[in-house]
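Trainee: Take a look at the following structure, please.
The values are calculated or read from the model by the stated rules, or taken from the named source; none is laboratory data. It should be emphasised that the depicted structure is a prediction, and the values quoted were computed from it without experimental measurement. Heads up, the Cβs are rebuilt from the backbone with ideal geometry, glycines too, and the neighbour counts pull from every protein chain shown.
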Amino acid sequence: MAPADCVVFEDSGAGIAAGRAAGMTVVGVGPRAAFHEPDVVVEDLTGVRVETVGDGTVRLYVG
């Protein structure tokens, strides 16, 4: 799987930096995550929904 097809969920600066360096989409979790410039920030994982569609594709909804 290509890094661009992966999503990282992280709450630490080091984890966010590692995900970005690897070329992955980074979802920062928690209020401090925004300081490390992830692609998206959620307060906690209750703001994330994962859905599998008929062809096996996984869709991720954040917000």
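Trainee: Within the stretch 1-55, can you find the residues that are surrounded by fewer than 14 Cβ atoms within 10 Å (Cβ to Cβ) and in contact with a strand residue (DSSP E or B) (Cβ under 6 Å, 6 or more places away or on another chain)? Explain how you work it out, then say what you get.
Mentor: From the stretch 1-55, those surrounded by fewer than 14 Cβ atoms within 10 Å (Cβ to Cβ) are 1-6, 14, 21-23, 31-32, 34-35, 37, 43-46, 49-55; that's our starting set.
ALA34, ARG49, VAL50, GLU51, THR52, listed by residue number.
Trainee: So, of the residues in the stretch 1-59 that are part of a helix (DSSP H, G or I) and charged (D, E, K, R), which turns out to be modelled with the highest pLDDT? Reasoning before the result, please.
Mentor: Restricting attention to the stretch 1-59, the residues satisfying the condition of being part of a helix (DSSP H, G or I) are 3-5, 13-21, 33-36, 45-47.
Checking the rest, the ones that are also charged (D, E, K, R) come to 5, 20.
On the way: ASP5: 90, ARG20: 96.
Going through the qualifying residues, I end up with ARG20.
Trainee: Find all pairs meeting these conditions: Cβ atoms under 8 angstrom apart; at least six residues apart or on different chains; first residue within the stretch 30-52 and of a type in the set (Ser, Thr, Tyr); second residue part of a strand (DSSP E or B).
Mentor: THR52/VAL58; THR52/ARG59
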